[in-house]
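Quick notes on the structure that follows.
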């Protein structure tokens with residue numbers, strides 16, 4: 001069975017020349033939205049639509065993208081609300097110490113002392129470093145910055161991440 005990985009969600013059109021506004025959920029936007037790259041648009045009850053990136057720019061925290069052959073707003077209007085994904089075959093090899101979001105989401109976070117904090121549900125990319133959103137006891141959210149001072153070990157095979165608990169983190 002094919003595996004697909006979420007790149008983002010098309011939330012609206014932008015202008016009249018076929019540009020779409022995407023809320024990005026990818027770890028590598030510069031690679032995913034590179035001119036000439038292939039993406040797939042998932043609409044309800046249809047096969048994925050293969051598109052090729054024609055242009056990309058960032059505007060007000062959105063990725064604005066045009067696709068080859070979709071040159072006006074009427075062409076892309078049906079894409080509103082759809083997910084943009086890549087096939088597993090498009091995932092490249094990562095350097096040591098680098099991880100895809102889908103490898104991190106779902107991991108259990110524990111302290112060096114072995115106390116369980118919770119499970120990573122989402123990754124935010126606000127700026128200098130990623131922030132992991134961990135759902136803990138009683139659905140309490142804990143935000144863990146992905147920095148070396150805090151994250152001590154990542155074991156993708158066991159879906160377990162060990163952190164050093166710093167004062168004020170929880």
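The values are calculated or read from the model by the stated rules, or taken from the named source; none is laboratory data. All of these numbers come straight from a predicted model, not from anything done at the bench. Methodologically, a virtual Cβ is constructed for each residue, glycine included, from the backbone with ideal geometry; neighbour enumeration extends over all protein chains shown.
Working only within segment 121-152, note down all residues that are part of a strand (DSSP E or B) and either touching a helix residue (DSSP H, G or I) at 6+ places or on another chain (Cβ under 6 Å) or on the phi > 0 side of the Ramachandran plot (or both).
Here is the first cut: in segment 121-152, the residues part of a strand (DSSP E or B) are 121-124, 131-135, 141-145, 151-152.
Within segment 121-152, just 123 meets the criteria.
Tell me, which residue of segment 1-13 that is in contact (Cβ under 8 Å) with a residue 24 or more places away in the chain and assigned to a loop (DSSP other than H, G, I, E, B) is surrounded by the most Cβ atoms within 10 Å (Cβ to Cβ)?
If we take residues in segment 1-13 being in contact (Cβ under 8 Å) with a residue 24 or more places away in the chain and assigned to a loop (DSSP other than H, G, I, E, B), then 3 is surrounded by the most Cβ atoms within 10 Å (Cβ to Cβ).
Any idea which residue in segment 147-163 is farthest from residue 106 (Cα to Cα), counting only those that are in contact with a strand residue (DSSP E or B) (Cβ under 8 Å, 6 or more places away or on another chain) and loosely packed, with under 14 Cβ neighbours inside 10 Å?
Only one residue tops the list, namely 152.
If a residue has to be without any contact (Cβ under 8 Å) to a residue 24 or more places away in the chain, in a strand (DSSP E or B) and farther than 19 Å from residue 25 by Cβ to count, how many in segment 101-120 make the cut?
1
Would you pick out the residues in segment 91-115 that are farther than 15 Å from residue 162 by Cβ and loosely packed, with under 10 Cβ neighbours inside 10 Å?
Matches in segment 91-115: 92, 93, 95, 96.
Mind counting the residues in segment 14-36 that are touching a strand residue (DSSP E or B) at 6+ places or on another chain (Cβ under 6 Å), at pLDDT below 95 and surrounded by fewer than 16 Cβ atoms within 10 Å (Cβ to Cβ)?
1
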